[in-house]
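Undergrad: Let me begin by handing over the structure; questions about it come next.
The values are calculated or read from the model by the stated rules, or taken from the named source; none is laboratory data. Everything quoted here is computed from the prediction, not taken from an experiment. No Cβ is skipped: glycine too gets one built from the backbone with ideal geometry, and neighbour counts run over all protein chains shown. Ligands, DNA and RNA are excluded from the accessible area calculation, which covers all protein heavy atoms including side chains. Shrake-Rupley method; radii C 1.70, N 1.55, O 1.52, S 1.80 Å.
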Amino acid sequence: MASPVSLYFSDFADERGRVDYYWSRLRSLDVPVPDTTFVALDATDDGYRWETDEILAFMDEADRHRAFVRTQFKAATVRLREGSFVPRPDADAVDRTVESLLNQNDEQGWPHGGSLVVREWLDLDFCRFPSHSCHPSVRFFVSDGEVIGRTPVEPEASEMVCDGRYEYVEPILEDASFETPRRYAERIAAEFDEATWGVDFVVDARGDWYCTEFNFNGVYWNRLEERWWDMCGQGDFEPFGPTELHSAALWGVRPESADEERDRWW
């Protein structure tokens, strides 16, 4: 462990959690990312408006038969395939997916950020069960220019896929090296050295690694639980997450005093 995680007060509307906050800088690095475009999302009196044709054009330009859609802040929160998976380049299929995405995230109170993020669909189907989402992945934590850890702490690709795995993915599971995404995480840490993030990587069914998401690694006040929670899931890394490492600084601090505490830590 090189250094502790810096302490940042935040919330789920923090601009550092937006895809377009980090996207141009991430694309400039030698780090593989899914092909991505942004489509305007406007609030109306009776819902939202988006340009379905722009999503279809993105799918058509590279003969993409599927696409992944999310907002600036979040993919579908409850039913991922229903709300983030566009199964075919068809206007009705696009609109059903986007409507589900927005309805799900509205129910959870997530902000949308004024645009949809549309991406190529990565083949992460490692098993024969459509309801499963088992595939090799890892989250690295980067802070102040360094990689400070990861979850799982000791990742094993074969343990991340169920017994219903396809036979053809066995060589990929055997060859998947988590040192590859670590090298990418180090490049990201050097570029994004002004704060702290959890950075997600997945390997697809061809054996290619991709950086798919940033999560701002701050703390927020959970009003239901009346205590501070990590904004970014820590998994096996939980003992080194910001709420644990900075428990003494957070003790007795509530949202009304967070501005004063922010000045001290920033």
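Undergrad: Out of all the residues in segment 167-210, which are in contact with an Asp or Glu (Cβ under 8 Å, 6 or more places away or on another chain) and more than 22 Å from Leu26 (Cβ to Cβ)?
TA: Ala205
Undergrad: Those residues that are farther than 24 Å from Asp125 by Cβ and either open to solvent by 40 Å² or more (accessible area, probe 1.4 Å) or of a type in the set (Ser, Thr, Tyr) (or both), I need them from segment 100-109; list them, please.
TA: Asn103, Asp106, Glu107, Gln108, Gly109
Undergrad: Output the number of the condition that His132 fails; it satisfies all remaining conditions of (1) in a loop (DSSP other than H, G, I, E, B); (2) at pLDDT 95 or above; (3) open to solvent by 50 Å² or more (accessible area, probe 1.4 Å).
TA: (2)
Undergrad: So, in segment 159-190, exactly how many residues are out of contact with any Cys (no Cβ under 9 Å at 6 or more places or on another chain), more than 27 Å from Phe214 (Cβ to Cβ) and open to solvent by less than 80 Å² (accessible area, probe 1.4 Å)?
TA: Qualifying residue count for the region: 2.
Undergrad: State the number of residues belonging to segment 234-252 that are under 15 Å from Phe140 (Cβ atoms), of a type in the set (Gly, Ala, Ser) and open to solvent by 70 Å² or more (accessible area, probe 1.4 Å).
TA: Final tally of qualifying residues: 0.
Undergrad: Could you say whether any residue in segment 144-155 is out of contact with any Cys (no Cβ under 8 Å at 6 or more places or on another chain) and in a helix (DSSP H, G or I)?
TA: no
Undergrad: Hey, could you check segment 110-129 for residues that are hydrophobic (A, V, I, L, M, F, W, C) and in a loop (DSSP other than H, G, I, E, B) and say which is surrounded by the most Cβ atoms within 10 Å (Cβ to Cβ)?
TA: Phe126
Undergrad: Is segment 220-233 home to any residue that is open to solvent by less than 70 Å² (accessible area, probe 1.4 Å), without any contact (Cβ under 8 Å) to a residue 12 or more places away in the chain and not aromatic (Phe, Trp, Tyr)?
TA: Yes - at least one qualifying residue is present in segment 220-233.
Undergrad: Next question. Please return the ranges of strands (runs of 3 or more DSSP E) entirely within segment 8-109 where 3 or more residues are of a type in the set (Lys, Arg) and free of Cβ contacts under 8 Å to residues at least 60 places away in the same chain.
TA: In segment 8-109, no matching strands (runs of 3 or more DSSP E) lie anywhere.
Undergrad: Here's a follow-up. Would you pick out the residues in segment 157-204 that are in a helix (DSSP H, G or I) and in contact (Cβ under 8 Å) with a residue 60 or more places away in the chain?
TA: Tyr184, Arg187, Ile188, Glu191
Undergrad: How many residues are within 17 Å of Val142 (Cβ to Cβ), exposed (fewer than 11 other Cβ atoms within 10 Å of the Cβ) and among the small types (Gly, Ala, Ser) when one looks only at segment 3-58?
TA: The total comes to 2.
Undergrad: Here's something else I'd like to know. Kindly indicate which of Phe237, Phe214 is outside any helix (DSSP H, G or I) and in contact with a strand residue (DSSP E or B) (Cβ under 7 Å, 6 or more places away or on another chain).
TA: Values: Phe237 fails: outside any helix (DSSP H, G or I).
Going through Phe237, Phe214 in turn, the sole match is Phe214.
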